[in-house]
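Shown next, in structure tokens, is the structure this report addresses.
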Amino acid sequence: MKVKIYRITNSLIHKGIVLSVSALCLLSCEKQLKPVSVILVDPVRHYYPVIQGEMMDISYEIENISDNPLFIQELQTTCGCIIPRDELPIVILPHKVGFVNLTFNTIKNTGYVDHFIYCYGNFQDSTCVELEFDTNVVPRADYVHDYEQLWQEQTKDAESIHDFVDGLPGQKGYYTNPEMSPRTRRKEAVQEEIDEKAF
């Protein structure tokens, strides 16, 4: 008798767990991410020149002005030298401000560089938002170092009090143009040509 009651009770508990899990699975399948309107603060930036081998920290501010959360599922960069510092997905709650934090390793660049970061998520107008920055990477004055020498210099622990107070040259900030970037102007010119051909 006790064995039979135990089996019935165990069976009912098992059925209850299976029904609960299946109900949760069905409910979670019905939810979709709703599009979100955002404000990007300075999506096109021009940074001051940096010395080759320095790490440059970059943070883009994104304000979610919708009633739904923003999920940035993927970040694609135009160079492997740009490393995201945050784990994905980046979640920005409704009516809150969040950041896309990146580190730009200048060790593999020399001269003028122009990089793009593509953020994929549930944005209102498209699934992708484009961020852009440029800078000049200046080689050291005495001679051009190879990658091994740059890496050794980068891993030294000696930092001066001047670096703590004023910051490293790669962390000085950025400026923006009131005009659009050349790439944005090209996009608008192409769109105008398409519009003219349509009429």
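Structure data summary
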| quantity | calculated |
| --- | --- |
| Radius of gyration, Dmax [region 74-133; alpha carbons; angstrom] | 12.9, 41 |
| Where labels lie 7 Å past Cα in the beta-carbon direction, separation of residue 42 and residue 128 in nm | 2.5 nm |
| Cα gyration tensor category, rounded, prolate or oblate, for region 38-118 with a/c compared to 1.5 | prolate |
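We did not get these values from a lab; they are worked out from the coordinates using the rules stated. Note that the structure is predicted; figures quoted are calculated from it, not measured. Virtual Cβ from ideal backbone geometry, glycine too; neighbours counted across all protein chains shown.
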